[in-house]
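Heads up, the thing below is written out as structure tokens.
The values are calculated or read from the model by the stated rules, or taken from the named source; none is laboratory data. None of the values given here were measured: they were computed from a predicted structure. Here the Cβ is made from the backbone with ideal geometry for all residues, glycine too, and neighbour counts use every protein chain on show. When the accessible area is computed, the model is the full protein with side chains, heavy atoms only, and any ligands, DNA or RNA have been set aside. Shrake-Rupley method; radii C 1.70, N 1.55, O 1.52, S 1.80 Å.
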Amino acid sequence: VFTWALVGTEPGDFVIPAQSVTVGGQTVQTNEVQFKVVQGQAGPQSGTPGQPNAEEAFLQLEVGKTEIYQGELVPLSASLFVPRQMGLRRFGLIDINKDDFAIQRFPQQAEQSQEVVGNIGFNVFTFRSTLSALRTGDLKIGPASQELLVEIMNQDAFNRSPFGGFPFAEPQKIIAKSAQIPVKVIPLPPEGKPAGFSGAVGEFTLTASASPTEGLKVGDPISVELSVSGSGNFDALTEPKLSQPDGWKIYPARRFNAEGQIDPVLQPTVERTVNYSTVVVPQRAHPLLPSYEISFFNPTEKKYVVLQTP
């Protein structure tokens with residue numbers, strides 16, 4: 001991954017053309033990127049990466065894509081840019097507007113890196129989360145803010161002292177802020193919606209196992225283990241249903257995360273596995289255990305999907 005920081009110097013519509021890269025003797029190309037630079041407010045704005053300041057920290061939000069379906073889970077990151085001459089003692093939790101989005105709480109730990117923006121060196125702390133839209137339309141993500149306790153380096157005092165002195169001033173609290181990100185949220189299509197659709201959006205796989213499978217009589221319990229893996233809004237996913245429930249007594253399934261208890265300081269991810277454990281009892285003779293099924297909307301293929309186990 002190669003990353004460049006771009007600063008718009010004037011408003012307008014711009015295009016980054018496809019770039020050619022030679023890898024292993026073969027030439028591959030990137031996609032073309034179109035973007036718009038709009039006129040901001042006059043003067044330097046706190047938290048605006050387009051006009052970096054060596055004495056200001058700012059937040060920068062990034063979302064996986066800016067055209068999404070309602071309920072679709074997409075990655076969201078918040079990067080805190082702190083000038084290298086600023087002494088960072090500690091930072092608080094990220095506060096972000098959640099009126100239109102369900103946003104997973106940002107973790108307490110960050111990925112650390114360094115970047116140069118506008119000839120100014122920054123220490124960068126990146127926090128990763130996920131979001132899904134609660135309604136459709138042209139919406140905006142953010143703004144986000146984060147409280148910091150910092151020490152501003154007093155370079156003049158440092159230069160005047162023959163011994164170097166103490167270049168840091170008294171600690172002070174500041175607020176780093178981000179701009180907003182406009183996104184377009186599309187409603188799920190009404191065509192082809194399965195009868196049992198519960199609102200899950202993503203890409204999932206479904207597996208099942210059962211025991212015992214031999215020597216069974218009517219009334220003998222069968223333990224069924226189901227596993228749903230993939231990426232998406234698992235909170236909207238209901239337990240897999242038996243496709244042909246007639247002749248079976250079905251007990252409620254117990255749901256649990258395959259990853260166990262999630263540590264709040266860890267980075268959230270859209271990839272997960274959720275397991276279900278249930279018991280079914282045949283009330284008459286059956287040659288097979290019917291398929292279990294789930295339904296969801298696949299945003300990549302832009303269609304509803306019904307998965308069934310063997």
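Observations
- Taking a ≥ b ≥ c as the square roots of the eigenvalues of the Cα gyration tensor, segment 1-40 is classed as prolate, since a/c reaches at least 1.5 and a/b is larger than b/c.
- Cβ-defined net charge surrounding residue 297, 11 Å radius [Lys, Arg +1; Asp, Glu -1]: 0
- Vicinal HN-Hα couplings computed from phi for segment 172-182 (Karplus, 6.51 cos²θ - 1.76 cosθ + 1.60; Hz; Gly/Pro x): 9, 8, 9, 10, 8, 10, 10, 7, 9, 10, x
- Summarising the amide proton neighbourhood of residue 58: residues at separation of 5 or more, or on other chains, whose placed amide H is nearer than 5 Å comprise 81.
- The local environment of residue 216, defined by Cβ-Cβ distances under 14 Å, has a net charge of +1 under the rule Lys, Arg +1 and Asp, Glu -1.
- Residue-by-residue Karplus 3J(HN,Hα) for segment 243-248, coefficients 6.51, -1.76, 1.60, Hz, glycine and proline x: 5, 10, x, 4, x, 10
- Residues whose amide H comes within less than 5 Å of that of residue 144, counting only those at least five positions distant or on another chain, are 178 (H built at 1.01 Å from N in the peptide plane).
- Local electrostatic count, residue 120, Cβ distance below 13 Å [Lys/Arg +1, Asp/Glu -1]: -2
- Shown in residue order for segment 55-68 are the 3J(HN,Hα) couplings computed by the Karplus curve 6.51 cos²θ - 1.76 cosθ + 1.60 at θ = phi - 60°: 10, 10, 9, 8, 9, 10, 8, 9, 10, x, 7, 9, 10, 9 Hz (x for Gly and Pro).
- Solvent-accessible surface of segment 162-248, taken per residue with a 1.4 Å probe and all protein chains present: 59 Å².
- Close amide-amide hydrogen proximity is noted between residue 70 and 186, 188, each under 5 Å apart and 5 or more residues distant or on a separate chain (H modeled in the peptide plane; Pro and chain starts excluded).
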